[in-house]
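Enquirer: Sharing a structure, written as C-alpha cells. Questions coming.
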Amino acid sequence: MLDAPLRRLIDPPLDRLSGPLARHGWSANLATAIGFAIGLGAMAAIAHRAHGLGLGLLLLNRLLDGLDGALARRSALTDLGGFLDIVCDFIIYSGVPLAFALADPGANALPAAFLIFSFIGTATSFLAYAIMAAKRGITSDLRGKKSLYYLGGLTEGAETIVAFVLACLWPAWCSSPMDPTTPSARSTSRS
C-alpha cells in the first residue's frame, strides 16, 4: 500500500548511490547476491537472538534490494535479474519469521507460521497476477520500472520491513502467549 508513494522518495537517493557503484563495476545481480547473503546473515543473527545485529543486516539487505533496481535501470532490466530479485526477496521475507521461530519455538512458532502463511498467499497472488499481466501486455511505472508488473496490495515491501523492524526492536511483542517451559517465558518470569 505504501510502496508506490514511497518510490518518489526513495528512488532519487538510490539512483544517486547506484552511480558510483556502477562506475566501480557493480551490476544489479551482484547487488542482489550480496544483499541476499547479508539477508541470510540477518536470519542467522535473529535465530541466535542477536536482534540488533539482525536488524542492521536486514536493513542493509533492504538497501541493497533497492540498489539492485537502481543499478538495473542504469543498464537494462533482464529476466534473470527480475527472477533473482523476487526469489531472493521472498526467501528473506519468509526466512525472517522462520529465524524468530528458531530463536524461541515455544513462543514464536505459531506467529511465524501465520506470517509465513500470509506471505505464501501474497506471493502466490503477486506472481500469478504478474504472469497474467505479462500475457496481456499490462505494464505500469507506478512502482518504478520493473522486470515484472504486479498488483499492489494492503501489505507490500514497506509494511513488511516496518513489521520486521518492530519485531527486531521488541521481539517479545511478536510472541504467542507463553508456555512456562519456553526459554522466553523463563527469562521474563525472572525479571
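Every number in this text was worked out from the coordinates using simple rules, so none of it is lab data. Predicted model, so just to flag it, every value in this text is computed and none were measured. Don't worry about glycine lacking a Cβ; one is built from the backbone with ideal geometry, like all the others, and counts go over all protein chains shown.
Enquirer: Calculate the FRET efficiency for Ala133 and Asn29 from the Cβ-Cβ distance with a Förster distance of 30 Å, rounded to the nearest 0.05.
Expert: 0.80
Enquirer: Using a Förster distance of 25 Å, how high is the FRET efficiency between Arg8 and Ala172, based on the Cβ-Cβ distance and rounded to 0.05?
Expert: Given R0 = 25 Å and the Cβ-Cβ separation, E is 0.10.
Enquirer: Around Ile34, under 12 Å between beta carbons, what's the net of Lys plus Arg minus Asp minus Glu among the other residues?
Expert: Here the count lands on -2.
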